[in-house]
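Remarks on the structure that follows.
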Amino acid sequence: MGNAAPAAEPLGIVRPMLASPGNPPDGDGWAVEFKWDGYRGVAHCQGRGVRVLSRNDIDFLGRFPELGVLPELLRHRTAVLDGEIVALDQEGRPNFGLLQQRDKIGSGVRELRRTRPPIAYFVFDLLHLDGRSLLNKPYHVRRALLTELALPGNHAVQVPPSFPDTDPADVLHVASQYGFEGIVSKRVKSTYEPGRRSPSWVKTPLRHTQEVVIGGWRVGQGNRSGRIGSLLLGAHDAEGRLVYVGHVGTGFSREMLADLQRDLERRARRTSPFDVEVPREHARDAHWVEPGLVGEVEFRQWTSDGRLRHPAWRGLRPDRDPSSVVLPGER
């Protein structure tokens, strides 16, 4: 018998590899990418079919139908791609606020979804190709194979630049000039570690952000009388307890508050969902809710008692599961 080709590996679900927070690394052997401000999505493409899954297994294709062009761009090959779904402003830069506008459009309104702001899928890694796993291949090999796919840059799917053997501090400076979220430094010889937060990828943001679980809200005053004035926020500690990390009352649009009000009222409960007592001045007259919604805030720093200092609301994170929201250092 002749030499038969080895059997192709089954195309299973691949969980995204996560970056560890830290300063830009020193030394050789790193490639640097810009950190994009959007939703992480792993695209599983097979023939004419495609699913773009979030970290908590939401299929983004229904929300962002532009990504349905992937099979055609791949010429119906079998592949698994890793990337970030972003909304682009008029200057072509990712804007998380615009992504929130696109994400909240109801199902079935496909024409509205195709209007501004445009959506792009920034692909930065290739994990499977034509039935072969690339997870154990080093980053620089995966990146070269991704480049060879020649995905066009004038569609919703784009391959952003990677800067090998470049000082991460230089790329971070460029990111700050263009208003990007930060950078991710990746060891060029590192393999892909599905579902793991690895030191082989180091993320360096230009601003502090924190994912939070909404545990309640308090009524506002003035033009917010009778409506949400602030949200009560939590995150999980090392023991898995939902602890209170502060409240946020800024960064909301009128439309955003109305949407949140309806959602939170459906999740109402009689008692606090926090496993640690909320300070009396914040718990007084609070409306408690089931802790099922994840959001993100921008803030200046952590206080000595574990609170967010001067947080501002950025938006909901439907791509996150509440159980994955943890305090810094507890990952």
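The values are calculated or read from the model by the stated rules, or taken from the named source; none is laboratory data. Every value quoted in this text rests on a predicted model; they were computed, and no experiment measured them. All Cβ positions, even for glycine, are placed from backbone atoms using ideal geometry, and neighbour counts span all protein chains on display.
Couple of notes before you dig in:
- Checked against the criterion of being of a type outside the set (D, E, K, R), closer than 28 Å to Gly182 by Cα and surrounded by fewer than 17 Cβ atoms within 10 Å (Cβ to Cβ), segment 44-56 has at least one qualifying residue.
- Every residue from segment 272-286 that is in contact with a helix residue (DSSP H, G or I) (Cβ under 9 Å, 6 or more places away or on another chain) and either of a type in the set (A, V, I, L, M) or exposed (fewer than 15 other Cβ atoms within 10 Å of the Cβ) (or both): Glu277
- None of Arg266, Arg262, Arg320 is under 24 Å from Phe60 (Cβ atoms) and within 20 Å of the chain's Cα centre (by Cα) except Arg320.
- Taking first residues from segment 125-141 that are in contact (Cβ under 8 Å) with a residue 24 or more places away in the chain and in a loop (DSSP other than H, G, I, E, B) and partners that are exposed (fewer than 15 other Cβ atoms within 10 Å of the Cβ) and small (Gly, Ala, Ser), the Cβ contacts under 7 Å between residues at least 6 apart in sequence or on separate chains come to Gly131/Ala8.
- Meets criteria (crowded, with 16+ Cβ neighbours inside 10 Å, over 22 Å from the mean Cα position of the chain (by Cα) and in contact (Cβ under 8 Å) with a residue 12 or more places away in the chain) for Leu149: yes
- Selected residue (criterion: surrounded by the most Cβ atoms within 10 Å (Cβ to Cβ)) from residues of segment 293-308 that are of a type outside the set (A, V, I, L, M, F, W, C) and touching a residue at least 60 places away in the same chain (Cβ under 8 Å): Gly295
- Selection from segment 128-161 of residues that are touching a helix residue (DSSP H, G or I) at 6+ places or on another chain (Cβ under 6 Å) and small (Gly, Ala, Ser): Ala156
- Scan of segment 208-245 for residues that are more than 20 Å from Glu298 (Cβ to Cβ) and of a type in the set (Ser, Thr, Tyr), ordered by number: Ser225
For (1) of a type in the set (D, E, K, R); (2) modelled with pLDDT under 95; (3) under 17 Å from the mean Cα position of the chain (by Cα), each residue gets a yes or a no:
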| position | (1), (2), (3) |
| --- | --- |
| Pro205 | no, yes, yes |
| Ile214 | no, no, no |
| Trp217 | no, no, no |
| Gly226 | no, yes, no |
| Leu232 | no, no, no |
| His236 | no, no, no |
| Arg241 | yes, no, no |
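- Remark: pairs (first residue in segment 152-178, within 20 Å of Gly29 (Cα to Cα) and without any contact (Cβ under 8 Å) to a residue 40 or more places away in the chain; second residue surrounded by 14 or more Cβ atoms within 10 Å (Cβ to Cβ) and among the aromatic types (Phe, Trp, Tyr); Cβ separation under 9 Å; 6+ apart in sequence or on different chains) = Asp170/Phe163.
- The residues of segment 271-312 that are among the small types (Gly, Ala, Ser) and part of a loop (DSSP other than H, G, I, E, B), listed by number, are Ser272, Ala286, Gly292, Ser304, Gly306.
- Test: residue in segment 241-256 that is part of a strand (DSSP E or B), in contact (Cβ under 8 Å) with a residue 12 or more places away in the chain and surrounded by fewer than 17 Cβ atoms within 10 Å (Cβ to Cβ): no
- Meets criteria (within 13 Å of Glu211 (Cα to Cα) and not charged (D, E, K, R)) for Leu257: no
- Qualifying residue in segment 162-180 (condition: of a type in the set (Ser, Thr, Tyr), in a loop (DSSP other than H, G, I, E, B) and in contact with a Ser or Thr (Cβ under 8 Å, 6 or more places away or on another chain)): no
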